[in-house]
Amino acid sequence: MANDVFNRIAKVYGWFHRHQMKRFEEILATHSDSIDLSSMHSICDVGCGTGALCAVLGARGFEVTGVDPAEKMLEVARRKVANDSVVFVKGDAIKGLPFEDKRFDVVFTSHVAHGMGPQERRKLYLELKRIARRAVVVHDYNENREILTTIIEWLERGDYFGFIKRPKEEMEEVFSTISTIQVGKRANWYICTCGSTEQSPDHTGDEGEAVEEEDS
């Protein structure tokens, strides 16, 4: 059902592609050092939509794979992103992605988790952790609410209100080391460490510094 909705609105999302690219460029320019992005090579964007983040990462020279379950979103992405280092693949993280374990240095997912219920979010995190070698970056809402966002999320019937209550605590059920960085007034990067650098399950990361920027 959700995929049907996103297939129907893919063209509308495409209208905001350039604006989204600009916002991602600003965030990466400010915060990429927090995940040592320059030392990485392969990146996956799960729930890539029309490919704005993929376009920005591809322009920086990374090998990028964008994944989305909505074929119409991918059609727009392939038209918008003309870069040989960026490929788009249809896939659903809840059902399992078509990649081997630890395939990518880092995996991003932007404004995807809050639209799922708690059980689906756990499946999402487990799958992202499986395919990530070094880190998973969950770019999503923080607890700072705004009336327009509240109305839109209520209409979309996701789990926005449940998600913002305890996002880090839910992620700690899957990832043992998490740090948070505020990348917009209503958005955080939840940086989840993978691989051999993970600490014991009761360890949590430090909170990052907040910045006064608009969220995407």
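The ranking of W189, W15 from fewest to most other beta carbons within 10 Å of each one's beta carbon is W15, W189. So, with +1 on the Cβ of K and R and -1 on the Cβ of D and E, and no other charges, what is the size of the charge dipole of the stretch 2-197 about its Cα centre, to the nearest 20 debye? That gives the stretch 2-197 a dipole magnitude of about 320 debye. Checking the cross-link pairs K102/K123; K80/K185; K11/K80; K123/K168 against a 21 Å limit on the alpha carbon distance flags K80/K185 as lying beyond it.
Between the DSSP loop rule and a limit of at most 11 other Cβ atoms within 10 Å, which trypsin sites (Lys or Arg not before Pro) in the stretch 70-160 are left? Passing sites in the stretch 70-160 are K95, R157. Less than 5 angstrom separates the built amide H of V183 from those of N188, W189, all sequence-distant by 5 or more or on a different chain. Of the two radii for the stretch 2-197, the radius of gyration is 0.92 times the Kirkwood radius, both from the alpha carbons; that is the Rg over Rh value.
Read-outs throughout are calculated quantities, based only on the coordinates presented, and are distinct from any laboratory measurement. Remember, predicted model here, so these are calculated numbers, not experimental data. Because the Cβ atoms are built from the backbone with ideal geometry, glycine has one as well, and the counts that use them run over all protein chains shown.
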